[in-house]
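J.: Attaching a single structure in structure tokens format; questions to follow.
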Amino acid sequence: MERTLSIVKPDGVKKNILGEVIRRFQKSGIRIAAIKMIHLSKAEAEGFYAVHKERPFFSSLTDFMSSGPCVVMVLEGEDVIRKNRELMGATNPEEAAVGTIRKDFAASIEQNAVHGSDAPETAAFEISYFFNALEIH
Ligand code: CMP
């Protein structure tokens with residue numbers, strides 16, 4: 001059993017696709033172990049994406065991530081890190097496979113509707129960024 005962090009980003013919340021994203025997770029046998037809606041400050045978005053701080057898109061990305069509420073979730077299941085990334089599709093929606101969340105709902109490489117952890121170590125950091133042990137069921 002594995003856990004990963006999923007975020008429905010501000011563009012996804014505004015587009016009202018939260019239910020559809022959750023439906024896709026649950027239809028794939030993924031269990032939601034924790035969920036909440038939060039509006040990140042710029043500093044909180046910078047902390048979450050600290051690994052990207054040298055990238056040219058860092059400032060714009062953290063502006064976007066703090067522009068409105070997000071929904072953060074802990075997903076649980078066998079091989080869930082890979083399964084979630086498969087459901088999301090490629091970072092750039094133009095490269096995302098047909099039927100993926102980003103292909104269907106993302107507007108651009110930055111405003112790409114969802115985030116998912118890419119490895120067990122990042123999942124552990126990202127889950128603990130938003131949830132304490134008592135909030136994960
Ligand atoms: P995410 O999977 O959350 O991980 C880092 C985020 O940075 C990514 O999704 C995009 O939102 C954003 N990102 C990645 N590459 C670029 C890029 N070339 N230009 C703008 N934003 C990017």
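J.: Among the residues of region 10-21, write down those that are acidic (Asp, Glu) and either surrounded by fewer than 19 Cβ atoms within 10 Å (Cβ to Cβ) or in a strand (DSSP E or B) (or both). Break it down into steps so the answer makes sense when it comes.
T.: Step one: filter region 10-21 for residues acidic (Asp, Glu), giving 11, 20.
Across region 10-21, the qualifying residue is only 20.
J.: Against the condition more than 13 Å from residue 12 (Cβ to Cβ) and surrounded by 14 or more Cβ atoms within 10 Å (Cβ to Cβ), how does residue 102 come out, does it pass?
T.: Values: more than 13 Å from residue 12 (Cβ to Cβ): no; surrounded by 14 or more Cβ atoms within 10 Å (Cβ to Cβ): yes.
Considered against the rule, which asks whether it is more than 13 Å from residue 12 (Cβ to Cβ) and surrounded by 14 or more Cβ atoms within 10 Å (Cβ to Cβ), residue 102 comes out as no.
J.: List every residue pair whose Cβ atoms lie under 9 Å apart, where the two residues are 6 or more positions apart in sequence or sit on different chains, the first residue falls within region 51-66 and is touching a residue at least 12 places away in the same chain (Cβ under 8 Å) and within 13 Å of residue 109 (Cβ to Cβ), and the second residue, located anywhere, is within 8 Å of the ligand (Cβ to nearest atom) and assigned to a helix (DSSP H, G or I).
T.: Within 9 Å, the pairs are 61/52.
J.: Is it the case that region 33-49 has a residue that's of a type in the set (Lys, Arg), within 16 Å of the ligand (Cβ to nearest atom) and outside any loop (DSSP other than H, G, I, E, B)? Please lay out each step first, then the result.
T.: Filtering region 33-49 for residues of a type in the set (Lys, Arg) gives 36, 42.
With the extra rule that they be within 16 Å of the ligand (Cβ to nearest atom), the set shrinks to 42.
Remaining after also requiring outside any loop (DSSP other than H, G, I, E, B): 42.
Looking for residues that are of a type in the set (Lys, Arg), within 16 Å of the ligand (Cβ to nearest atom) and outside any loop (DSSP other than H, G, I, E, B), one finds at least one in region 33-49, hence yes.
J.: Give the residue that is farthest from the ligand (Cβ to nearest atom), with candidates limited to residues of region 104-123 that are aliphatic (A, V, I, L, M) and under 22 Å from residue 17 (Cα atoms). Spell out how you get there, then give the answer.
T.: Start the filter on region 104-123 by keeping residues that are aliphatic (A, V, I, L, M), which leaves 106-107, 109, 113-114, 119, 123.
With under 22 Å from residue 17 (Cα atoms) added as a condition, the list becomes 106-107, 109, 113-114.
Values: 106: 9, 107: 11, 109: 5, 113: 9, 114: 8 Å.
So, considering only residues that are aliphatic (A, V, I, L, M) and under 22 Å from residue 17 (Cα atoms), the one farthest from the ligand (Cβ to nearest atom) is 107.
J.: Follow-up. Give 83, 42 a once-over and let me know the one that is in contact (Cβ under 8 Å) with a residue 24 or more places away in the chain and either among the hydroxyl-bearing types (Ser, Thr, Tyr) or over 20 Å from residue 11 (Cα atoms) (or both). First the steps, then the outcome.
T.: Details: 42 fails: either among the hydroxyl-bearing types (Ser, Thr, Tyr) or over 20 Å from residue 11 (Cα atoms) (or both).
Answer to the check: 83.
J.: If you go through region 77-89 one residue at a time, do you hit one that is more than 14 Å from the ligand (Cβ to nearest atom), of a type in the set (A, V, I, L, M, F, W, C) and in contact with a strand residue (DSSP E or B) (Cβ under 9 Å, 6 or more places away or on another chain)?
T.: Step one: list which residues in region 77-89 are more than 14 Å from the ligand (Cβ to nearest atom), which gives 77-80, 82-83.
After this cut, where a residue has to be of a type in the set (A, V, I, L, M, F, W, C) as well, the list is 80.
Now drop any that are not in contact with a strand residue (DSSP E or B) (Cβ under 9 Å, 6 or more places away or on another chain), which leaves 80.
Yes, region 77-89 contains a residue that is more than 14 Å from the ligand (Cβ to nearest atom), of a type in the set (A, V, I, L, M, F, W, C) and in contact with a strand residue (DSSP E or B) (Cβ under 9 Å, 6 or more places away or on another chain).
J.: Now, a different point. Filter region 23-32 for residues that are in a helix (DSSP H, G or I) and over 19 Å from residue 126 (Cα atoms) and give the result. Steps first, answer last, please.
T.: Taking region 23-32 first, the residues in a helix (DSSP H, G or I) are 23-27.
The answer is 23, 24, 26, 27.
J.: Scan 7, 30, 35, 81 and give me the residue that is under 23 Å from residue 132 (Cα atoms), surrounded by fewer than 19 Cβ atoms within 10 Å (Cβ to Cβ), touching a helix residue (DSSP H, G or I) at 6+ places or on another chain (Cβ under 9 Å) and among the aliphatic types (A, V, I, L, M).
T.: On the way: 7 fails: surrounded by fewer than 19 Cβ atoms within 10 Å (Cβ to Cβ); 30 fails: surrounded by fewer than 19 Cβ atoms within 10 Å (Cβ to Cβ); 81 fails: surrounded by fewer than 19 Cβ atoms within 10 Å (Cβ to Cβ).
It is 35.
J.: Residue under question is residue 30, and the condition is that it be of a type in the set (Val, Ile, Thr) and under 14 Å from the mean Cα position of the chain (by Cα); does it hold? Lay out the reasoning, then the answer.
T.: Details: of a type in the set (Val, Ile, Thr): yes; under 14 Å from the mean Cα position of the chain (by Cα): no.
Spelling it out, it is not the case that residue 30 is of a type in the set (Val, Ile, Thr) and under 14 Å from the mean Cα position of the chain (by Cα).
J.: From 94, 54, 126, grab the single residue that is under 15 Å from residue 7 (Cβ atoms) and either within 13 Å of the ligand (Cβ to nearest atom) or of a type outside the set (D, E, K, R) (or both). Let's see the steps before the verdict.
T.: Numbers: 94 fails: under 15 Å from residue 7 (Cβ atoms); 54 fails: under 15 Å from residue 7 (Cβ atoms).
Selected residue: 126, the only one of 94, 54, 126 that is under 15 Å from residue 7 (Cβ atoms) and either within 13 Å of the ligand (Cβ to nearest atom) or of a type outside the set (D, E, K, R) (or both).
J.: Please go through region 41-65 and give me each residue that is under 19 Å from residue 91 (Cβ atoms) and among the hydrophobic types (A, V, I, L, M, F, W, C), ordered by number.
T.: The answer is 45, 48, 50, 51, 57, 58, 61, 64, 65.
Coordinate-derived values only; no laboratory data. The structure displayed is predicted, hence computed values, not measured ones. A quick note on method: Cβ atoms are made from the backbone with ideal geometry, for glycine too, and the neighbour counts reach across all protein chains shown.
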